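A short worksheet on the structure shown next.
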Amino acid sequence: MSGGRTKAAAALALVASMATVAHADSVPLGSTPVPVTITVQAQVATTGTRLHFRVQVPAAGRRATTLVFARSWGGATGLEQGVRNLSAASPGARLVDLPGGRGGDDDNPVFYRIEHPPTGDLAYTYEIVEFGEPRLDDRRFFQPILRPDYAQAFGYGVLLLPVWAANQKVLVRWHFDLPAGWAVATSFGAEPAQAQARQVRWPPQRVDQSMLRHSVIALGDFRLRSVRIEGQSLWVALRGSHPFSDGEFLGRTAALVRAQREFFGDHDFAHYLVTLIPNDFERGRASGTQVYNAFAMNVSRDFTVPSAPFEILVAHEGLHTWIPIRFGGMDSSPDARDQALRYWFSQRFTNFLMHRMLVQTGQWSVEDYARNLNGVIRKYESSEARERDNAVVRELFFTDRAVGDLPYQRGELLALHWDAQLRSRGTSLAALLKALVLPTRDRGAHGEAALATDRLLVALRPALGDAPRGDVEQIVERGAPIPYRDALLGPCFTMQPAVYARYELGFDFEATLKDRRVTGVVPNGAAAGAGLREGDAIRRAFIDHGDIDRDVTMQIERDGQVVDLAWRPVSREHVQAARFAPRPQAETDPACRAWMALQ
């Protein structure tokens, strides 16, 4: 799976909550970047690593500064459990209680307050420790991972920073104190390991304050490799053993990154990092997320390069550098937190471009493209949530996997639908998207820009009129069926009728997950037929959500007996839709290659 569930919702929740404590003596404002020094010291023990932070900012006339720390991000909750020993470290400063600042639910951050002299610098220190279950899965990946030989964390889980204005610029200096043999790789720079312990000091960098949290920090036993693309550095940081070489991973990653930058005509990246760490699964689990100047991923032991999971992960998340960040805003207002209503654009228009790029760069054949598209159609048409509307997507995107997949599926099919119509009028969706990228001077201010989806629909109107807006209303907002037609993919493919079984897991997954006891078994369903019973205690399970081609395997305990179960997660209900097959000689047909090209 991709890192998929976008993390911007949590980031905007943090910004909205910060606004509630914005008062003159605690929020630095102004057009001049605020100088910030962040020192990170890795303290290694046999039980794990502890990160010691020291943050220094100017007092700038304030007599108090409010600090903020995220409780949740990327599906991980309770992040504040990792903070230890917060203390004021500059003369005359003291930590004081902020009434009500530490309460609230997972969607709201934790606030702290330091009183201090109005002149000089404010400095404070704290430590970050690992907490929670050690098993590295999709949610655990977003908590700080602090092991004896390495540490990886996202800024949301380790950075306790002042409350700043939303668009405040900072001049950040990073300092690292590293044990012998430890490398450092972050959204802001990278340096390979050295034999001796050392201090790493980077010159100041001007960034938007929000990017400090929206970053990754990897320290320790990482193998670093780099290559230059148009004079700019691309780094990969890997750990663990894999069935591919570091060089092959770097080369394939660089090819995808280069294709994306060339498509957008944008090489304004002084530094970019891709990290890869093993997770705790034998097979079928790979995920990651795009953050500032970086993509962080975790993979199971069967992950290979090249492969569709690799290409989809790296290409999809890499394109989030532009979509939607450089197209416009995603929330209807700063406090609305309703961007999930527009994930159909940010998630699957990304894949529309990605899949075409994979064909254009030779990493996919036309047959590969058809196989992937048919998979999208099949998963959408067989989804138990297919008819759910966009209001449900907003509510359940992060908690219901089937609902969370809807924007991915609907968005790409809409993109294909509009691209076919534009091609018949002498242009293409790719050309339109390239023209919509905001100029460099407007980057970083997308929170105040027009909605990305509104800009898209306005741009489509001269060629297609109001039909696209109607498509969004019917298909995205109301969950109406998507039309399939033979001309959807031009001269490359023919459309064939297809009948798909509907996916049905056979029990209530989310309710079962809470206490690991089976809840909501579907009467006469495949799971019940395999022997699953209400109240069974789950010892372990392997589930490919939405995949009707793989068995669900589960080991349960009932009345003191351990039982292994397996079943195909399909219902008795079927649905008619379509599949696409390449035409003869499509791979070498100039008309097909021109259609597939991004131009």
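In table form, for the structure just shown:
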read-out	value
About the Cα centre, charge dipole magnitude for the chain (Lys/Arg +1, Asp/Glu -1 at Cβ), debye	1080 debye
Relative contact order (%) - criterion: Cα under 8 Å, at least six apart; region: the range 131-202	21 percent
For the range 461-599, convex hull of alpha carbons as volume per residue, Å³	178 Å³
Segment Thr399-Ala511, length gained on full extension (0.36 nm per residue, minus Cα span)	39.2 nm
Asp551-Asp486 FRET efficiency (beta carbon distance; Förster radius 35 Å; 0.05 resolution)	0.50
Per-pair calculated FRET efficiency, R0 = 56 Å: Thr119 and Asp280 via Cβ, rounded to 0.05	0.65
Karplus (6.51, -1.76, 1.60) ³J(HN,Hα), θ = phi - 60°, over the range 339-346, in Hz, Gly and Pro reported as x	5, 4, 5, 10, 5, 4, 8, 5
Rounded, prolate or oblate (a/c below 1.5 giving rounded, otherwise prolate when a/b exceeds b/c) for the range 102-215 by Cα gyration tensor	oblate
Histogram of C-alpha separations across the range 204-323, 5 Å bin width, %	2, 10, 22, 25, 21, 12, 5, 2, 0
Mean Cβ neighbour count within 10 Å, used as a protection proxy, ranking 191-204, 534-547, 497-510 highest first	497-510, 534-547, 191-204
Percent breakdown of C-alpha pair distances by 10 Å bin, ordered from the shortest bin, for the range 537-599	16, 24, 18, 20, 13, 8, 1
Separation of the Leu95 and Arg371 label points, Cα + 7 Å toward Cβ, nm	5.5 nm
Accessible surface of the chain [probe 1.4 Å, protein heavy atoms]: carbon and sulfur percent	49 percent
Local electrostatic count, Glu133, Cβ distance below 11 Å [Lys/Arg +1, Asp/Glu -1]	0
Under 12 Å, Cβ to Cβ, from Gly529 - net charge with Lys/Arg +1 and Asp/Glu -1	+2
Segments 414-423, 217-226 sorted - mean Cβ within 10 Å per residue, highest first	217-226, 414-423
The range 324-370: proportion of alpha-carbon pairs further apart than 17 angstrom, %	47 percent
Using distinct alpha-carbon pairs, which all enter the 1/r mean, Kirkwood radius of the range 356-511 in Å	17.6 Å
Listed candidates (1) 35; (2) 29; (3) 49 - label of the one calculated as percent of Cα pairs over 40 Å apart	(2)
Estimated [θ] at 222 nm from DSSP helical runs (n ≥ 4, -39500 (n - 2.57)) normalised by residues in the chain, nearest 500	-8000 deg cm²/dmol
Cα-centred dipole magnitude for the range 292-354, charges only on beta-carbon of K, R (+1) and D, E (-1), debye, nearest 20	60 debye
Å² of accessible area per residue within the chain, as computed with a 1.4 Å probe and no ligands counted	40 Å²
Peptides ranked, highest mean first, by Cβ atoms within 10 Å: ranges 90-96, 399-405	399-405, 90-96
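The values are calculated or read from the model by the stated rules, or taken from the named source; none is laboratory data. The structure displayed is predicted, hence computed values, not measured ones. Using ideal geometry, Cβ is built from the backbone for each residue, glycine included, and neighbour counts are taken over all protein chains shown. Calculation scope for accessible area: heavy atoms of the full protein, side chains included, ligands and nucleic acids excluded. Shrake-Rupley method; radii C 1.70, N 1.55, O 1.52, S 1.80 Å.
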